[in-house]
1. With both partners inside chain B, how many of the DSSP beta bridges are antiparallel, as a percent to the nearest 5?
2. Under the rule a/c < 1.5 gives rounded, and otherwise a/b versus b/c splits prolate from oblate, where does the range A:140-200 land using the Cα gyration tensor?
3. Out of all DSSP beta bridges in the protein assembly as shown, what portion is antiparallel? Express it as a percent rounded to 5.
4. Checking the a/c ratio against 1.5 first, then a/b against b/c, what shape does the Cα gyration tensor give for the range A:123-248?
5. I need the Kirkwood Rh of the protein assembly as shown: take the reciprocal of the average 1/r across all distinct C-alpha pairs and report it in angstrom.
6. Please give the Cα centre distance for the range B:72-116 versus the range A:186-225, rounded to the nearest Å.
7. If I take every Cα pair under 8 Å that is 6 or more residues apart in the range B:219-333, average their sequence separation and divide by the length, what percent do I get for the relative contact order?
8. Peptide B:36-49: average number of partner chain Cβ atoms within 10 Å per residue?
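Taken together, the values in this text are just the output of simple stated rules run on the coordinates, not laboratory data. For clarity, every value in this text was computed on a predicted model and none was experimentally measured. Positions of Cβ are generated from backbone atoms using ideal geometry, with glycine treated the same way; all protein chains shown enter the neighbour counts.
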Ligand SMILES: Cc1ncc(COP(=O)(O)O)c(C=O)c1O
Ligand SMILES: Cc1ncc(COP(=O)(O)O)c(C=O)c1O
Ligand SMILES: [Mg+2]
Ligand SMILES: [Mg+2]
Ligand SMILES: [Mg+2]
Ligand SMILES: [Mg+2]
């Protein structure tokens, strides 16, 4: 069976060698006579998996010693609440930049916890761009500034990150590990694994250690970042198989040459798909403004609903998966995360060209 | 490679046919050209998996239409907080029966949320027994009565459940699906999957629908049971692979003849191990009183530390895994969940007899 051209927005494509490795050892992990899923989370074999995932991520992202890596459950959506529960204390104001649906959801959860302020927003333009640094207006007594580094639904992405005089918190669910970043610039980064890191079921949090001192007492244990930091994310049973898959994906990124090499390939891949859009004379209309384009999620519309439907149907027949836009915005979206091969992007661009020639 | 005799307390043994099935389709799920991990959680293929897990559990446990099945993340430990956050309103009192470490942890989290009352406890006897129904003293204005149906660490288990005039909430993490129960007797049941249901990473909640009407507004979205009930547990990205494994385990339980057949085998398995204890003339001293013995976790001590160490070392050499007692209590523990074969229990009992003859 041929592998599908998988453009799913998450859960999404995983590297084939990772799946093959997982398959080969699924019944017998390292001669234990057990599946990795059957190992105790307190066993030395699982501990090695757990720590390898953590250490590899530290190496790959160049995470400084000031920061710790935590593994949680609940998805990025639970982080929308955990960030304010841990850091939005009375008298402080949670600052949010709105760049899409996920930022809005993050803000909505923060409002349940404390005071908030919209520091910048492109909502009035239907989230077609990332606000300029100079348009970010922080409130007094800001607890933090929260941004969404990549907007999975609208297809925009921060090129660079603002240097602000408050702690910067980023939802990097859909572009973590896709490009080199300076982790030291962030107080806290979170990401659901199901785009660039592995399967769904584990959430990665990278946190600057001094933030832990600010956490109020009496939070529910499982919602207190200190629980994870003090136990090496082993306070209760972690999602062991998801963390195992994460460790394999990180091993694969290393074998591919690290984040720098992945970033170069991501640029190449995105360039191929955007070229098909730009060469289409408006047949494929990109949602995002040029300078805000995402390298991860390419969003575009066709001239009308009928053509969109036809495009998606033909694409499906040809083995392209996941090209429908998010149900909240419609149109088309190609998610081209780390594990999507260059070849899939070439095939998509070729199909787009061909379709356009026939229907423009 | 021979399969280990896996007596882990959780994550724990999975049925071999389930692992083989997962392995065989890991790279190509139902001719999609994708792994089940690579499917969108909004795809029709994943939807079928998700609903099959839900429907099978309903059938197997005979769950009445008054109740719904939800899939969450965060483990049973997050349920310790979610239960009081959702149901312990002001003026009400959360009632807890203490039968072990997990009940204590549940109570500790409830105390952070509201008022609590210990309705019964066997703590004074180091949790060697389950309190009698007549010793359960409910408070005024009880919000619910919380029990731990099986005490994984101490090795005790409720044989039957009390008929109380308040909503009964049960942590069934370590014995769900091991025996026939009357779900209608419970307002809410929760269980981390990693003992009888699948790998870690998904938590099952069975909830009586009318309870949803009592949930306060303004809870964090991910901590509000209504979020899961209203979205068929698809509000955000669920742990798709863990739910897939759950569906396969449930299929296996059906193939084995359902819960009735599993229960009969569990009784047989436990009888074999307890017989080795009872025939040992006190060499193996059971922790639990006879009428409170767990069919899932058999706990016992040897005459001294040295013999315990020797026992565990020899056991390990012979391919027995996970027999050390929980780090908080020491001694030995054999967890014999649904997927542990009868043969493993026979092998353990034979080893126990042999060891005793040599060292008693
Ligand atoms: C940027 C971003 N944030 C948050 C989420 C929500 O993640 P989860 O489903 O893990 O809660 C998503 C999901 O696609 C996302 O793309
Ligand atoms: C009865 C019981 N409750 C709760 C827990 C905690 O479960 P989790 O690790 O999924 O949070 C366990 C774990 O072994 C358990 O046995
Ligand atoms: Mg998730
Ligand atoms: Mg978005
Ligand atoms: Mg769990
Ligand atoms: Mg216990």
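1. Values: 21 of 40 bridges.
Close to 50 percent.
2. Values: a/c = 1.86, a/b = 1.79, b/c = 1.04.
It is prolate, given that a/c is not under 1.5 and a/b is the larger ratio.
3. 50 percent
4. On the way: a/c = 2.21, a/b = 1.29, b/c = 1.71.
Verdict is oblate for the range A:123-248.
5. Values: mean 1/r = 0.0374 Å⁻¹.
About 26.7 Å for the protein assembly as shown.
6. First find each Cα centre; the distance between them is then 23 Å.
7. Dividing the mean separation by the residue count of the range B:219-333 yields 14 percent.
8. Details: counts 2, 15, 15, 7, 12, 5, 7, 4, 0, 0, 1, 0, 0, 0.
Averaged over the peptide's residues, the number is 5.
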